[in-house]
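Engineer: Structure incoming, see below.
The values are calculated or read from the model by the stated rules, or taken from the named source; none is laboratory data. Not measured: the values here are computed from a predicted model. Cβ coordinates were reconstructed from backbone atoms using ideal geometry, including for glycine residues, and neighbour counts include every protein chain displayed.
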Amino acid sequence: MKKKLRSDFNTRQYMLSDDFELYYYSDLNFRSVGDHSHPYTEVYLFEEGEVSMEIEGEAFPLHTGDVIIVPPGVRHRAVIHSGDKPYRRFVFWLSEAFCRRLRKEAEDYLYLIERAQREGRYIRHLDLMEANTLRGKLFTLLEELQTARFGRDAQIGLYVRDLLLFLGRCVYERERPGAARSLTAFQQLTDYISQHLEEELSLEALGRALYLSPFYISHLMRENTGVSLHAYITKKRLNACCEAMRAGSSAADSALRFGFQNYSGFYRAFKKEYGLSPAEWLKEKGVRKKP
């Protein structure tokens with residue numbers, strides 16, 4: 001479970017960043033933090049554990065896939081019922097200044113946060129596919145935060161906005177069944193593929209991750225794209241390899257990173273897709289190969 005992305009928990013309840021902070025915690029024998037509030041918004045995805053969230057004196061048992069939105073000034077605390085099970089969660093803090101800037105760009109970014117402030121409804125439950133998609137987006141953002149790649153800050157900004165829009169859409173579309181829900185399963189499938197190009201993406205692996213039958217996954221892909229799952233994933237992996245090579249990665253390293261089993265298979269797929277070898281493509285794009 002991506003141990004390098006885990007944070008060591010501390011009791012600090014103030015932000016070091018002017019904009020946002022994101023943490024992934026997994027603890028055994030966790031000692032509860034006392035009742036508290038803070039001057040920023042906390043968005044919290046609960047993963048695992050025997051835990052209740054107490055908000056303004058009312059206790060809510062937590063279940064995998066619960067999202068808790070704690071606006072500024074709202075008193076809350078996690079109550080641990082058993083220390084034997086891992087207590088796993090993502091914690092996402094957003095400063096008031098950052099929220100104001102997002103609101104000026106588009107009010108939709110803060111849809112769910114402002115609903116929580118206005119209605120006093122702080123907990124929303126995501127279904128398994130929605131929770132998996134959100135988890136993927138959070139890990140992708142954590143990974144980008146640890147890189148020094150070209151365009152890092154711009155990419156981080158895009159990931160944060162995408163994450164907030166996804167949460168808003170989950171709630172908005174559930175409450176309005178006619179609001180483009182028909183493509184939700186397909187959108188979550190393609191989101192998962194995009195975020196896990198480096199991992200196994202067989203029908204069986206996707207079925208386990210998304211709790212869908214392999215037959216249904218194949219049907220979704222054919223119905224919405226007209227191509228097979230294998231062809232779609234290959235195209236996405238080739239696109240990712242191209243971006244990596246533009247950034248200076250070698251063709252061989254890019255191929256291995258994004259799921260090709262060997263260089264010869266990557267070479268054949270690349271030549272079929274672009275009509276050029278990787279070296280010819282790099283030359284045409286004016287990119288110098290990595291020594």
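Engineer: Test ALA247 against the stated conditions and say whether it is touching a residue at least 12 places away in the same chain (Cβ under 8 Å), aliphatic (A, V, I, L, M) and surrounded by 17 or more Cβ atoms within 10 Å (Cβ to Cβ).
Structural biologist: On the way: touching a residue at least 12 places away in the same chain (Cβ under 8 Å): yes; aliphatic (A, V, I, L, M): yes; surrounded by 17 or more Cβ atoms within 10 Å (Cβ to Cβ): no.
No; evaluated as a whole, the condition is false for this residue.
Engineer: A follow-up question, please. Taking segment 243-273 on its own, how many of its residues are part of a helix (DSSP H, G or I) and modelled with pLDDT under 90?
Structural biologist: Let us first name the residues in segment 243-273 that are part of a helix (DSSP H, G or I), namely 243-246, 251-257, 263-273.
From the residues that got through so far, the ones that are modelled with pLDDT under 90 too are 243-246.
Qualifying residue count for the region: 4.
Engineer: Is it the case that segment 93-106 has a residue that's at pLDDT below 90 and more than 26 Å from LEU128 (Cβ to Cβ)? Spell out how you get there, then give the answer.
Structural biologist: Residues of segment 93-106 at pLDDT below 90: none.
No, segment 93-106 has no match at all.
Engineer: Answer yes or no: is there a residue in segment 208-218 that is part of a loop (DSSP other than H, G, I, E, B), at pLDDT 90 or above and not assigned by TED's automatic domain parsing to the domain that holds ALA116. Step through it out loud before you land on a result.
Structural biologist: First pass over segment 208-218, keeping only residues part of a loop (DSSP other than H, G, I, E, B): 211-213.
Next cut, at pLDDT 90 or above only: none.
No, every residue in segment 208-218 fails to be part of a loop (DSSP other than H, G, I, E, B), at pLDDT 90 or above and not assigned by TED's automatic domain parsing to the domain that holds ALA116.
Engineer: For segment 112-196, which fully contained helices (runs of 4 or more DSSP H) count at least 1 residues that are among the acidic types (Asp, Glu) and in the same structural domain as THR225 (by TED's automatic domain parsing)?
Structural biologist: Numbers: elements: 128-145, 152-175, 184-195.
Those helices (runs of 4 or more DSSP H) span 184-195.
Engineer: From the residues in segment 75-104 that are surrounded by 18 or more Cβ atoms within 10 Å (Cβ to Cβ) and hydroxyl-bearing (Ser, Thr, Tyr), which one is nearest to HIS38 (Cα to Cα)?
Structural biologist: SER95
Engineer: If you don't mind, another one. Look through GLU130, GLU114, GLU96, GLU144 and report the one residue that is out of contact with any Phe, Trp or Tyr (no Cβ under 9 Å at 6 or more places or on another chain) and among the acidic types (Asp, Glu). Before you say what the answer is, go through the steps one by one.
Structural biologist: On the way: GLU130 fails: out of contact with any Phe, Trp or Tyr (no Cβ under 9 Å at 6 or more places or on another chain); GLU96 fails: out of contact with any Phe, Trp or Tyr (no Cβ under 9 Å at 6 or more places or on another chain); GLU144 fails: out of contact with any Phe, Trp or Tyr (no Cβ under 9 Å at 6 or more places or on another chain).
Of the residues listed, the single one that is out of contact with any Phe, Trp or Tyr (no Cβ under 9 Å at 6 or more places or on another chain) and among the acidic types (Asp, Glu) is GLU114.
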